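The values are calculated or read from the model by the stated rules, or taken from the named source; none is laboratory data. Here the structure is a predicted model, which is why all the values come from computation and not from measurement. Here the Cβ positions follow ideal geometry from the backbone for every residue, glycine too, while neighbour counts run over all protein chains shown.
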Amino acid sequence: MHPILDKLKKDGITKIKLGIFDVDGVFRGKYINMKKFTSAIDKGFGFCDVVFGWDIIDELYDKPTVTGWHTGYPDAPAVIDINSYRKIPWEPDTALFIADFQYSDSSPYPACPRQLCKQILQKADDMGFTVKSAFEYEFFMFKETPHSVRDKKYENLLPFTPGMFGYSIIRNSTYSEIYHDFIDTCQDMDMELEGIHTETGPGVLEACISVDSGLASPDKAALFKTFSKVLAQRWELMATFMAKWSPDYPGQSGHLHQSLWNKDGSSAFYDDSKPHNMSDIFSHYLAGQICLLPEVLPMIAPTINSYTRMIKGYWAPTHSNWGIDNRTCAIRVIPGSPKSHRLEYRISAADGNPHLALAASIACGLYGIKNKLELPPMIEGNAYDLKTSPANVELPNTLEKSINSFSKSKIMRELFGDAWVDHFTLTREWEAKCYKEQKKNDPDWYWMRDRYFEII
């Protein structure tokens, strides 16, 4: 008998909740019984691959390659990640597991973001590095339900709390039960929070997930997004992770902190003999990210709404650049001790798929190390005031422009393979096409809210 079965029995588990993260980072899944789970542990199981053949609102892509009417949308082989086991606090008899599509020869399914992330992390390992990362998310909370927001057509929504009140002790004390529920649930589900507080904006919270290595970090981030929405709805609230839900308020970030570590446990980023204690490895790594950010951007900013956040002076970068502890830049270097020396990927928003955000940023960094790319000059002062230059490259300002750069990039195909680039391009071109078709009849913000508000 598989050891996990004995553990589940001891934990009183009688039902299994099983899910797969799609290209948009949405957790798609179902309940299965213990008999089915027992069989699937060793043999794998079939899961309809339409989850990679449709968009965020279950509309089929019009020119599919990986799966479609031409394949019959079959059950694709999937495997359960036993190490992803979690208990759900309000479902004490139910275990949660993450699964991936994977072929019988163990080769990765070309459309699976988590599999792609695994491949990039393996490349880092092959180069002698362990990746550590941590995500932090801003999200708006409303005293609304999935029914009420639709009845209101996403207008005049009642925020969880009123006014601009960042780091409010009043708010978190008044609603301490909700804050405690977030903290305790995240602890119980192995996605521990380093901290949670109010941000600037009515009903805005920011949660920082504790640092972890490898695949554990994006897994925790993706689960946090899913179960934050669940927790909110259980409190008769709604949480949205849209990059920008309203033009009247700042956007919502999904900042990604990351560092590389040598196999002996030492920091690959830290060298106290170098300026700002940045090792040569760190400099090359950062150079790769700066150089390739304009091309890899759709994996970081994957929705139409992502680009509404990227406005000068609104805490989101508009150019590919870097600076020392500079929050106006796309990438912020955070000097510290060998333990804390890292970078913050500020370009990423709350609506991104964390597996893709990490895969993209790490792959570009490793490319910089492999090719010993030279780091452009850092930005000092307000990056928003600077003109475009080799050290301050303007980023594409729409998804359509962004995916065009991505799909034509030889380096993106080198890093991620033709199969992934072609499939991901198809999905983002579809997203842009849907926007173009709908905006003829609907106000832009209504279309984006209706599409992204609840699910992204």
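Residue 416 meets all of the listed conditions (1) crowded, with 18+ Cβ neighbours inside 10 Å; (2) within 18 Å of residue 287 (Cβ to Cβ) but one, namely (2).
Taking segment 266-286 as the search range and keeping residues that are polar (S, T, N, Q) and in contact (Cβ under 8 Å) with a residue 40 or more places away in the chain, which one is nearest to residue 370 (Cα to Cα)? First the steps, then the outcome.
Filtering segment 266-286 for residues polar (S, T, N, Q) gives 266-267, 273, 277, 279, 283.
Of the ones still in play, those that are also in contact (Cβ under 8 Å) with a residue 40 or more places away in the chain are 266-267, 277, 283.
Values: 266: 20, 267: 18, 277: 21, 283: 12 Å.
Out of the qualifying residues, it is 283.
Looking across segment 409-456, the residues that are among the charged types (D, E, K, R) and either within 14 Å of residue 299 (Cα to Cα) or not in a helix (DSSP H, G or I) (or both) come down to 413, 422, 428, 429, 431, 439, 440, 442, 454.
Name the residue, out of 389, 405, that is modelled with pLDDT under 95 and not acidic (Asp, Glu). So that I can check it myself, show each step before the final result.
Working: 405 fails: modelled with pLDDT under 95.
Exactly one residue qualifies, and that residue is 389.
For segment 429-442, indicate whether the set of residues that are more than 22 Å from residue 351 (Cα to Cα), surrounded by 14 or more Cβ atoms within 10 Å (Cβ to Cβ) and touching a residue at least 60 places away in the same chain (Cβ under 8 Å) is non-empty. Within segment 429-442 (the criterion being more than 22 Å from residue 351 (Cα to Cα), surrounded by 14 or more Cβ atoms within 10 Å (Cβ to Cβ) and touching a residue at least 60 places away in the same chain (Cβ under 8 Å)), the answer is no, since none of the residues qualifies. What do you reckon, is residue 247 within 24 Å of the chain's Cα centre (by Cα) and either in a loop (DSSP other than H, G, I, E, B) or within 30 Å of residue 155 (Cβ to Cβ) (or both)? So residue 247 fits the description; yes.
Condition check ((1) surrounded by fewer than 12 Cβ atoms within 10 Å (Cβ to Cβ); (2) in contact (Cβ under 8 Å) with a residue 24 or more places away in the chain) across all residues:
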site: 158; (1), (2): no, no
site: 161; (1), (2): no, yes
site: 165; (1), (2): no, yes
site: 170; (1), (2): yes, no
site: 173; (1), (2): yes, no
site: 191; (1), (2): no, yes
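Confirm whether residue 206 is surrounded by fewer than 22 Cβ atoms within 10 Å (Cβ to Cβ) and in a strand (DSSP E or B). Here the answer is yes, as residue 206 does meet what is asked. Scoring residue 277 on the criteria (1) touching a His at 6+ places or on another chain (Cβ under 7 Å); (2) on the phi < 0 side of the Ramachandran plot leaves a single failure, condition (2). Counting only residues that are touching a Ser or Thr at 6+ places or on another chain (Cβ under 6 Å) and within 29 Å of residue 214 (Cβ to Cβ), segment 78-112 holds 4 of them. Scanning segment 151-176 for residues that are within 24 Å of residue 224 (Cα to Cα) and in a helix (DSSP H, G or I) yields 169, 171, 172, 173, 174, 176. Do we find a residue being in contact with a strand residue (DSSP E or B) (Cβ under 8 Å, 6 or more places away or on another chain), modelled with pLDDT under 95 and not acidic (Asp, Glu) anywhere in segment 133-150? No - not one qualifying residue is present in segment 133-150. The criterion of at least 2 residues that are crowded, with 21+ Cβ neighbours inside 10 Å and in the same structural domain as residue 424 (by TED's automatic domain parsing) is met by the following strands (runs of 3 or more DSSP E) wholly inside segment 307-383: 331-334, 342-345. Residues of segment 66-77 include none that is touching a residue at least 60 places away in the same chain (Cβ under 8 Å) and acidic (Asp, Glu).
Scan segment 372-408 for residues that are under 19 Å from residue 352 (Cβ atoms) and touching a residue at least 60 places away in the same chain (Cβ under 8 Å) and the total you get is 9. Among the residues examined, residue 407 does not qualify as surrounded by 24 or more Cβ atoms within 10 Å (Cβ to Cβ) and either hydroxyl-bearing (Ser, Thr, Tyr) or in contact with a Cys (Cβ under 9 Å, 6 or more places away or on another chain) (or both). A single entry from 286, 237 fulfils the requirement of being surrounded by fewer than 22 Cβ atoms within 10 Å (Cβ to Cβ), aliphatic (A, V, I, L, M) and over 18 Å from the mean Cα position of the chain (by Cα): 237.
Listed here are the residues, each with its yes/no results for (1) farther than 22 Å from residue 316 by Cβ; (2) out of contact with any Phe, Trp or Tyr (no Cβ under 7 Å at 6 or more places or on another chain).
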position	(1), (2)
339	yes, yes
348	no, yes
368	yes, no
373	yes, yes
383	no, yes
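Of the residues making up segment 72-102, those that are surrounded by 14 or more Cβ atoms within 10 Å (Cβ to Cβ) and in a loop (DSSP other than H, G, I, E, B) are 73, 89.
Pairs needed: first member in segment 349-371, over 15 Å from residue 130 (Cβ atoms); second member anywhere, of a type in the set (Ser, Thr, Tyr) and in a loop (DSSP other than H, G, I, E, B); C-beta distance under 7 Å; at least 6 residues apart or different chains. So the pair list comes out as 351/303; 357/348.
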